[in-house]
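Asks: Take this structure, written in structure tokens, and hold onto it; I'll ask about it next.
The numbers here are math on the coordinates, done by the rules we state, and not lab data. The shown structure was predicted, so the numbers you read here are calculated from the model rather than taken from an experiment. Please note: Cβ atoms are built from the backbone with ideal geometry, for glycine as well, and neighbour counts cover all protein chains shown.
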Amino acid sequence: MNDRRVVVVIDRDEEVRSVLQATLGEAGFEVHCAATGESGVALVRAKQPDTVTLDLALPDTDGYDVLRRIREFSHTYILIITARSGLRATLRGFDAGADDYMVKPIRPRELRARVDGMLRRPRQLTVPPIVTPREPLLMSPRLRGYVNSYEHKGLELDYAARAATIGGCTLQLTRTEFDLLHILLQRGTGVVTKTELVGLLGLIQRDEGPDGSAAGSRDPGRIIETHIGNLRRKLGDDARKPRWLKTVRGSGYTLA
């Protein structure tokens, strides 16, 4: 049996593909490369990778469109690797379903750290459970569940199966959105701050240039807001009259 982790690299630049293939191959990945968006989507369907790296400047189609197409059938981790810096481009990537965003030039150590951080993310959710095995929840009559299973106003999450449903309908969540929902359900009616969420989700707050200087600082609060907005949209929730996720102004988020 082949237990190697699989990554699909989608980038128009042959030199960049070579660097990514060498770096990720040395890190123990089985690497498959594509030079176009169409071939990249086909490769993701065929290989069902653990991780995808995606350039936004592809020769045949827009990288954001490729990202959205992959998200229609896959929950793989997606790391955007692009020359486009700045908060607007970063937030657009997260809005389309990316898990992380890295600005070129590629720094192998940072690349490995980001990929490893994404793959560790489900095991890094360290918010103390608000229930213990086989004990009913006592903190709030509105939320009941077990360590790996939660139900709140018809919203159900099975952490072991990595599945979330409302009324029996499966929600198509990215891994980051799923982990974010899991954290909020674990915390129950307690508030989780944006700073806590950045740490628990393993989001990197700043890209640095080769000399260590800032090369596209990102606002972590805005990134969390984007993920919350995407999650609310998929839940069909209304921020003004929330059923599931409530914003505590100046503090963070909690269950409604």
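Asks: Considering only segment 25-39, state which residues are under 20 Å from V115 (Cβ atoms) and out of contact with any helix residue (DSSP H, G or I) (no Cβ under 6 Å at 6 or more places or on another chain).
Replies: Residues satisfying the conditions are G25, E26, G28, F29, E30.
Asks: Can you tell me which of A22, A83 is under 21 Å from the mean Cα position of the chain (by Cα) and more than 17 Å from L119 (Cα to Cα)?
Replies: A83
Asks: Hey, which of the strands (runs of 3 or more DSSP E) in segment 1-119, taking only ones fully inside, have at least 1 residues that are surrounded by fewer than 17 Cβ atoms within 10 Å (Cβ to Cβ)?
Replies: Because the criterion is at least 1 residues that are surrounded by fewer than 17 Cβ atoms within 10 Å (Cβ to Cβ), the strands (runs of 3 or more DSSP E) in segment 1-119 that meet it are 5-10, 29-34.
Asks: Tell me, yes or no, whether segment 41-64 has at least one residue that is touching a residue at least 40 places away in the same chain (Cβ under 8 Å) and in contact with a Pro (Cβ under 7 Å, 6 or more places away or on another chain).
Replies: no
Asks: Hey, among the residues in segment 238-256 that are part of a loop (DSSP other than H, G, I, E, B) and in contact (Cβ under 8 Å) with a residue 12 or more places away in the chain, which one's surrounded by the most Cβ atoms within 10 Å (Cβ to Cβ)?
Replies: W244
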